[in-house]
Structures are given as structure tokens and as C-alpha cells.
Amino acid sequence: MTAAKRRRTQTFMIGVFDSGFGGLTVLRKLADRFPDISFCYLGDHANVPYGNRPSDLIVDFTRRGTEALFQRDARLVLLGCNTATAVAARRLQQHWLPGSSWAGAHNVIGIVAPTVEAATQTPWAVTSPQYPQKFNSETIAVFGTTRTITSDVYLEEIRKRCPRVQVVQQICAHLAGAIEDEASRDELTGLVGAGVSALLEQTGGAAPDRAILGCTHFPLVEDLFREHLPQATKILSQPDIVADSLEDYLSRRPQYLGGHHPRPRALKMLTTGDAFEISTRARIFWPDVPAFESVVVTRV
Ligand code: DGL
């Protein structure tokens, strides 16, 4: 077979990486939106949660997870994790990938850029304020892990494009871990309630116009955020935003899909944890998710 023919008949998966279950909120949306595209998901359950870990370790885990997905026929890896995106995406894109054996045909992208684009209604390529601005007088709340919030990536990238928008950030340090550990409803309610109260203290009680749940685990308890946030606050749906943006990205870069799309498409689920346990727990919030397989990628 010629190289050109091979390219036309080869199918690539889209890789989705997260520290654990959080990326499933994104994958589920992608699986619905793109019924013909094959996905390979990797949850680094052996090392979850990432959110309070040192940055270098998060970069290392994210690089190894990305490589594991490249090795399994993903040409494009989407980091379905705000923490990995905030801490590692740029370092991998600029410092690791170009000098690696994957350079050229592979890429890794994150989920902060599309979320900022949606929050500011401004394309990522535009890095200075454009007037008139639709959201100039708004307050945007951002909830995230310690690393995401202390990176200030949302604050800086939103303010670059909309400098008069007030960005109020709140660390929810233990929420992703509690979701992973199947904490009780009462415990989760307490953690979400405390995060929302701390954020409202910063605004002097005023309702933020919009809220970004800037951790992909948090949509799993979106109902609790809805309960605690003022009714006037609109919660942005990051999984929908990411699906919209991936659709646009792939329409411009179809090379990441390859040429041939077998039906039914594949949904391959990988974990660095125990496959049986992770499959059982994942079905609590995604009843028909395919069974996970265990892989060894990262260990602390
Ligand atoms: N789901 C992840 C995020 O979006 C990571 C949570 C964690 O592992 O702490 O930030």
C-alpha cells in the first residue's frame, strides 16, 4: 500500500486525558456530538487528584498520559482537565512536543482557551481589548483547583480581552478529590456551599453574572453549584464549549482524524487505576460508559 493510500485508510482516535473521572464530563459530550469519531480516554486514577500537587509533577503526569494516548493511535490529545491545561499545556506544546519523536503529526490542546473565548466572546488570537465589548461590566466567577486558580490563567486571559470585566476566583481545594472518593451528598453539599460562600464574600454578596466551573469534575455536582449560586448567575457549560471548539478545530485540521471512519466508532476507556472499580464507579454518572482497561503509565 502506498503512503498516501495508507493515510487515506488509517483512522486516528482523539485522545482525551484527565486526572480521573472529570474528563468524562467532556468526553460524554464529545461522544454525543461526534457519533462517527473514535475516542480514547485516559484517566490517571492512580494519581488523582492533581489539583494540589506540585506543577512539575503535573507536567510530568500530563506528558506521560499524552504519550500513552499517542502510542494508542491518537494524533490529537485534548486535555480534558483544567489543571493539566493551566499548568502543563503550554510547556508541552512549546518545550516538549517540538523536540519529541511525535513532532509534526501530533498535537496536544487544552480547554482553557475555548472557555476564555466563550466567556469573553473574543477569539483566542485577539489578545488586546476590542471595543465595544459585550461583557464589559460583568462579573465572572471562576471555581477551580488550587493549581488552576493560583496559575491565574483565567484571570489573566479574560482580563487581557475584557479588562473591565471583574474576575472573581475561588479555590475549591478538596472538591475534585471528594468527587473521586464518592463522598456523601452532605459532604459534597458542604464543600460546594463553602466555595460559593467564600466567593460571594469576595463580591460583597453581589451575584456574579456568569460562573465558570473551571474543573471538569465540577459539572458532576453542577446541581449543587446551581443550588448555592444566586439564581441570577448563569453557569457556563464547559463540556458544550469544548465540543463547539473541537468541531471548529477539526474542520480546519481534518488530518487529526485520518481518512476512514469505521462504524461503529470506538470508545476506548483506559485508567491507571483498577479497571473493574473504575468502570463500576464511572457508571454511577455515565450508566452506559464502556468498560475501562488498566494501563501502567504513571506512578508516584
Ligand atoms: N478534572 C481536573 C480539572 O479540570 C482535575 C482535578 C484534580 O485532579 O484535582 O482541573
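The values are calculated or read from the model by the stated rules, or taken from the named source; none is laboratory data. All values derive from a computational prediction rather than experimental measurement. Here the Cβ positions follow ideal geometry from the backbone for every residue, glycine too, while neighbour counts run over all protein chains shown. Ligands, DNA and RNA are stripped out before the accessible areas are found, and what is left, the full protein with its side chains, is counted by its heavy atoms. Shrake-Rupley method; radii C 1.70, N 1.55, O 1.52, S 1.80 Å.
A few comments on the model shown:
- Put simply, of 206, 198 the only residue that is aliphatic (A, V, I, L, M), more than 30 Å from residue 37 (Cβ to Cβ) and open to solvent by 40 Å² or more (accessible area, probe 1.4 Å) is 206.
- Verdict on residue 291 being open to solvent by 50 Å² or more (accessible area, probe 1.4 Å), of a type in the set (A, V, I, L, M, F, W, C) and closer than 23 Å to residue 13 by Cβ: yes
- Residue match in region 93-107 (condition: within 16 Å of the ligand (Cβ to nearest atom) and either open to solvent by 10 Å² or more (accessible area, probe 1.4 Å) or not acidic (Asp, Glu) (or both)): no
- Restricting region 44-92 to residues that are of a type in the set (Val, Ile, Thr) and not in a helix (DSSP H, G or I), the residue that is most open to solvent (accessible area, probe 1.4 Å) is 48.
- Here residue 178 does not fit the description of being of a type in the set (Gly, Ala, Ser), away from the ligand (no atom under 14 Å from the Cβ), more than 30 Å from residue 131 (Cα to Cα) and part of a helix (DSSP H, G or I).
- Of all residues in region 44-102, those satisfying the criterion of being of a type outside the set (Gly, Ala, Ser) and free of Cβ contacts under 8 Å to residues at least 24 places away in the same chain are 54, 56, 71, 90, 93, 94, 95, 97, 98.
- Near pairs, Cβ below 7 angstrom, 6+ apart or cross-chain, from region 140-157 (free of Cβ contacts under 8 Å to residues at least 60 places away in the same chain) to any residue that is in a strand (DSSP E or B): 155/167; 155/169
- Single condition residue 48 does not satisfy, out of (1) within 16 Å of the ligand (Cβ to nearest atom); (2) under 18 Å from residue 151 (Cβ atoms): (2)
- Filtered residue count, region 148-170, keeping only those that are open to solvent by less than 60 Å² (accessible area, probe 1.4 Å) and either in contact with a helix residue (DSSP H, G or I) (Cβ under 7 Å, 6 or more places away or on another chain) or in a helix (DSSP H, G or I) (or both): 15
- Single residue of 137, 128 found to be outside any helix (DSSP H, G or I), among the small types (Gly, Ala, Ser), without any contact (Cβ under 8 Å) to a residue 40 or more places away in the chain and farther than 23 Å from residue 231 by Cβ: 128
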